[in-house]
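Chemist: This is the structure, below, for whatever I ask next.
The values are calculated or read from the model by the stated rules, or taken from the named source; none is laboratory data. As the structure is a prediction and not an experimental result, all values here were calculated from the model. Reconstructed Cβ throughout: ideal geometry from the backbone, glycine too, with neighbour counts over all protein chains shown. Areas reflect the complete protein model, heavy atoms only, side chains present, ligands, DNA and RNA absent. Shrake-Rupley method; radii C 1.70, N 1.55, O 1.52, S 1.80 Å.
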Amino acid sequence: MSKVAVVFWSGTGNTEAMAMAVAEGAKEKGAEVSVLTASEFSADQVGIFDAIAFGCPSMGAEQLEEMEFEPMFSACENRLSGKTIALFGSYGWGDGEWMRSWEARCNDDGANLACDSVICNETPDDDGLAACRNLGASLA
């Protein structure tokens, strides 16, 4: 059984709803899943998991949340080479630039992006939640 972490930050609950759907998809495929907020996860935990789904909404000028998520993610980056990961998050404006930048950063880190990232405008709808479940399944 694979061990999957779903690590997220959510301000309004939209990215949290996505995280729960990601976890559901991984569990349905038989994975052992840990759902953790950014403040509960550290770089020391990266090696414990076979795969990690990172979730963060777009903030400010299309960037990751700066107080909790960004410092945690930056600390993890030097341990992502060869690691299977997936990215997800919600946004309220823009065109998804934050996700494209984040994907490029992960590619530069040598991470293995298991599937296309999932972004949802505001509250995830049924299609968005289904995409999140598929993302989770791809990590299991």
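Chemist: Has the stretch 8-19 got any residue that is acidic (Asp, Glu), farther than 15 Å from residue 117 by Cβ and more than 13 Å from the chain's Cα centre (by Cα)?
Modeler: The answer is no, given that none of the residues of the stretch 8-19 is acidic (Asp, Glu), farther than 15 Å from residue 117 by Cβ and more than 13 Å from the chain's Cα centre (by Cα).
Chemist: Quick check on residue 32: is it closer than 22 Å to residue 131 by Cα, in contact with an Asp or Glu (Cβ under 7 Å, 6 or more places away or on another chain) and among the acidic types (Asp, Glu)?
Modeler: Considered against the rule, which asks whether it is closer than 22 Å to residue 131 by Cα, in contact with an Asp or Glu (Cβ under 7 Å, 6 or more places away or on another chain) and among the acidic types (Asp, Glu), residue 32 comes out as no.
Chemist: Going through the stretch 19-42 one residue at a time, which ones are over 13 Å from residue 7 (Cα atoms) and open to solvent by 50 Å² or more (accessible area, probe 1.4 Å)?
Modeler: 24, 27, 28, 29, 32, listed by residue number.
Chemist: Right, another one. Can you give me the number of residues within the stretch 88-121 that are at positive phi and at pLDDT below 95?
Modeler: The number of residues fulfilling the criteria is 2.
Chemist: Also, quick follow-up: Do we have residue 45 as modelled with pLDDT under 95, surrounded by 14 or more Cβ atoms within 10 Å (Cβ to Cβ) and not hydrophobic (A, V, I, L, M, F, W, C) here?
Modeler: No, not satisfied.
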